Amino acid sequence: MASDTAPYANEDSAAAGIFSAPQLPVEWVNWLYSKLLRKKQDYLTYQKYYDGGHQKLVFSQARYHNQYGHIFAQWSDNFSGLIIDSVNERMAIDGFRMTEDATEADKDAREIWQRNYMDSEANTGNLEALINGVSYAIVWADGDGEPVISVESPLEVVVEYKPGSRRELLAGAKFYKDAWGQEYGTLFLPDRVFTFDMNGLAAKVIGDGDPNPMGEVPIVPLMNRTRLATDPVSDLQPVIPIQNAINKVTADALVASEYAAWPQRWVSGLEIQEDENGRPKEPWDPGISKILQAEDPMSRFGQFEAADLSNYVNLVDMLVQHLAAVTRIPFSYMLANKSSAPSGEANATAEAGLIAKTRDRMTHLGEGWERVMRLAFKVKGKHTDAMSSAEIIWRDPENRTEAQHMDALIKQKELGVPRDELLSAAGYTPAQIVRFREMRIQDAKDLAEIQKHLPQPEATVGPDGKPVTKPGDKTAAMANKAPQGNAGNQARKQKDPSAAK
């Protein structure tokens, strides 16, 4: 192993006692594993909030917990999932424009995308990025040399950037468990790839490693919102404090509702009964069909007023409005507006912030997906010199009526927008647009074939008695031209009425 790992050692720095980045593969994997563990708890917290696992009602009194705890054990009032899904459901990738003029590259991109199940996998990758702030994609080659794209969770994958760079990676690793619970790791360096056994007290390299034909770390971070000096930000980061406040107030309202459901009764002038241990015991077991009575005529019965829950409702409504403002989610999504349903125009105005937020997420995530496709073409060894202009094609996130959409496209056509661009704006995928083009060619062929079997118009006969077959033939034009009189005589007749007699 020493001979294999020597190229990564930095003996001069070690001898001088100067700290430097990990050099040995085992140092890299240990460093990346510790980095993953430091961030893992944050990711688990975000996922718990997205799944609604944060809502646990704990009653302060055992009586209420025992009587009603099982009823509310599965209760969850989760706005966190709604905030993520309302953005993710509007993010769909329709395809890629890989080069400026090579349509063959676009076709290859669609083939790579479909073969790797990316219609659904990309949606999952975007979802994890919105929840955690980042997800990952690993690009590699299968046994046939075809690119393989796998979408990965930040709970299993971690990378290390080159100091001073926000793009270039020094190393990356994926840690995973098999069906028996044994943990392993794959370390990606620019020139080699190593597999590690992570069980036991220390990581152990398996084998001598393999060359990395990619020449770079084949891991692509899919970042939700990039920051210049800090890690990507989860969309749930500003949500959690408000969600906790909503949980607390709602839980208080539920506990108060139990007091209202079991109104507290009181009685005066009644002798208190005690058990054999001298502890007071309840004289009655109240129920719907039971009547309370006492022998002492001086006894009086009463009942406290039921709890007023409107204050809790008003407070929850205020917190929900704050949540909607922070996340730019329309109030109608959270049922915060108690009036009638908004009109189409009002609803479009209310969703303007959500659309802008979605487009912003598309900008950040799109850069990652474009890099994924560039790496995939690098595996294939095709079109690699013309990939700098590659761009992703997102589906329009705005919901509009069909009539409004088509009307806008017709106006764009009048401005000279090409047909394929209009079809793309209409929501059709690149594969569908290519299919439409082939269908139009076939329709033209079918129409020409039908024309052959229809009665043909009689040919025009020229002055020489021969048929004229060419529409632009000069002889045909002369034959069809109406006889002309003396132009000068005709002009004189129009100017001098007496000349016409």
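The values are calculated or read from the model by the stated rules, or taken from the named source; none is laboratory data. These numbers come from a predicted model, not from an experiment. Methodologically, a virtual Cβ is constructed for each residue, glycine included, from the backbone with ideal geometry; neighbour enumeration extends over all protein chains shown. Accessible surface is based on the protein model in full, side chains and every heavy atom, while ligands, DNA and RNA are left aside. Shrake-Rupley method; radii C 1.70, N 1.55, O 1.52, S 1.80 Å.
Which ones in the range 279-314 are at pLDDT 75 or above, open to solvent by 70 Å² or more (accessible area, probe 1.4 Å) and among the polar types (S, T, N, Q)?
Asn311, Asn314
Here's the yes/no breakdown for (1) open to solvent by 50 Å² or more (accessible area, probe 1.4 Å); (2) more than 20 Å from Leu37 (Cα to Cα):
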position: Gly185; (1), (2): no, no
position: Gly200; (1), (2): yes, no
position: Thr230; (1), (2): yes, no
position: Val233; (1), (2): no, no
position: Val239; (1), (2): no, yes
position: Asn244; (1), (2): yes, yes
position: Ala260; (1), (2): no, yes
position: Arg265; (1), (2): yes, yes
position: Asn277; (1), (2): yes, yes
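Pick from the range 184-207 the residues that are assigned to a strand (DSSP E or B) and of a type in the set (D, E, K, R): which of them is farthest from the chain's Cα centre (by Cα)?
Narrowing the range 184-207 to residues assigned to a strand (DSSP E or B): 184-188, 192-197, 204-207.
In the following step, the residues that additionally are of a type in the set (D, E, K, R) were identified as 192, 197, 204.
On the way: Arg192: 33, Asp197: 34, Lys204: 38 Å.
So the residue we want is Lys204.
Go through the range 79-110 and give me each residue that's closer than 17 Å to Arg437 by Cβ and β-branched (Val, Ile, Thr).
Thr103 - this is the single residue of the range 79-110 that is closer than 17 Å to Arg437 by Cβ and β-branched (Val, Ile, Thr).
Looking at Asp101, is it of a type in the set (Asp, Glu), under 24 Å from Phe377 (Cβ atoms), at pLDDT below 85 and open to solvent by 20 Å² or more (accessible area, probe 1.4 Å)? Let's see the steps before the verdict.
Details: of a type in the set (Asp, Glu): yes; under 24 Å from Phe377 (Cβ atoms): yes; at pLDDT below 85: yes; open to solvent by 20 Å² or more (accessible area, probe 1.4 Å): yes.
So Asp101 fits the description; yes.
Take the residues in the range 306-329 that are in contact (Cβ under 8 Å) with a residue 40 or more places away in the chain and of a type outside the set (A, V, I, L, M); name whichever of them is farthest from Ser234 (Cα to Cα). Spell out how you get there, then give the answer.
We begin by selecting, within the range 306-329, every residue in contact (Cβ under 8 Å) with a residue 40 or more places away in the chain; these are 306-307, 309, 312-313, 315-316, 319-320, 322-323, 326-327, 329.
Keeping just the survivors that are of a type outside the set (A, V, I, L, M) gives 312, 322, 327.
Details: Tyr312: 29, His322: 18, Thr327: 12 Å.
Only one residue fits best here, namely Tyr312.
Provide a single number: the residues in the range 162-183 that are part of a strand (DSSP E or B) and either in contact (Cβ under 8 Å) with a residue 60 or more places away in the chain or open to solvent by 60 Å² or more (accessible area, probe 1.4 Å) (or both).
Quick first cut of the range 162-183, residues part of a strand (DSSP E or B) only: 169-177, 183.
Cutting the leftovers down to either in contact (Cβ under 8 Å) with a residue 60 or more places away in the chain or open to solvent by 60 Å² or more (accessible area, probe 1.4 Å) (or both) gives us 170-173, 175-177.
Counting residues in the range 162-183 that are part of a strand (DSSP E or B) and either in contact (Cβ under 8 Å) with a residue 60 or more places away in the chain or open to solvent by 60 Å² or more (accessible area, probe 1.4 Å) (or both) gives 7.
Which one of these does Gly69 not meet: (1) open to solvent by 50 Å² or more (accessible area, probe 1.4 Å); (2) at pLDDT below 85?
(1)
Within the range 31-60, how many residues turn out to be at pLDDT below 90 and charged (D, E, K, R)?
Restricting attention to the range 31-60, the residues satisfying the condition of being at pLDDT below 90 are 52-60.
Subsequent filtering for residues that are charged (D, E, K, R) retains 56.
Total satisfying the criteria: 1.
If we keep just the residues of the range 204-228 that are of a type in the set (Lys, Arg) and out of contact with any strand residue (DSSP E or B) (no Cβ under 6 Å at 6 or more places or on another chain), which is least open to solvent (accessible area, probe 1.4 Å)? Give the steps one after another, and end with the answer.
Looking only at the range 204-228, we keep the residues that are of a type in the set (Lys, Arg), and these are 204, 225, 227.
With out of contact with any strand residue (DSSP E or B) (no Cβ under 6 Å at 6 or more places or on another chain) added as a condition, the list becomes 225, 227.
Working: Arg225: 69, Arg227: 126 Å².
My answer is Arg225.
Might you let me know whether the range 208-224 holds any residue that is in contact (Cβ under 8 Å) with a residue 40 or more places away in the chain, assigned to a strand (DSSP E or B), more than 25 Å from the chain's Cα centre (by Cα) and under 22 Å from Pro22 (Cβ atoms)?
Yes - at least one qualifying residue is present in the range 208-224.
Yes/no matrix, rows are residues, columns are (1) open to solvent by less than 50 Å² (accessible area, probe 1.4 Å); (2) part of a loop (DSSP other than H, G, I, E, B); (3) on the phi > 0 side of the Ramachandran plot:
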position: Leu409; (1), (2), (3): yes, no, no
position: Lys413; (1), (2), (3): no, no, no
position: Ser424; (1), (2), (3): yes, no, no
position: Tyr428; (1), (2), (3): no, yes, no
position: Arg437; (1), (2), (3): no, no, no
position: Gln442; (1), (2), (3): no, no, no
position: Leu447; (1), (2), (3): no, no, no
position: Ile450; (1), (2), (3): no, no, no
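Out of all the residues in the range 115-160, which are in a loop (DSSP other than H, G, I, E, B) and touching a strand residue (DSSP E or B) at 6+ places or on another chain (Cβ under 6 Å)?
Looking only at the range 115-160, we keep the residues that are in a loop (DSSP other than H, G, I, E, B), and these are 116-117, 133, 142-146, 153-156.
Correct list: Asn116, Asp142, Pro154, Glu156.
Rundown of residues vs (1) at pLDDT 95 or above; (2) open to solvent by 10 Å² or more (accessible area, probe 1.4 Å); (3) acidic (Asp, Glu), yes/no style:
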{"residue": "Asn78", "(1), (2), (3)": "no, yes, no"}
{"residue": "Met91", "(1), (2), (3)": "no, no, no"}
{"residue": "Ala109", "(1), (2), (3)": "no, no, no"}
{"residue": "Arg115", "(1), (2), (3)": "no, yes, no"}
{"residue": "Asn126", "(1), (2), (3)": "yes, no, no"}
{"residue": "Tyr136", "(1), (2), (3)": "yes, yes, no"}
{"residue": "Gly143", "(1), (2), (3)": "no, yes, no"}
{"residue": "Glu152", "(1), (2), (3)": "yes, yes, yes"}
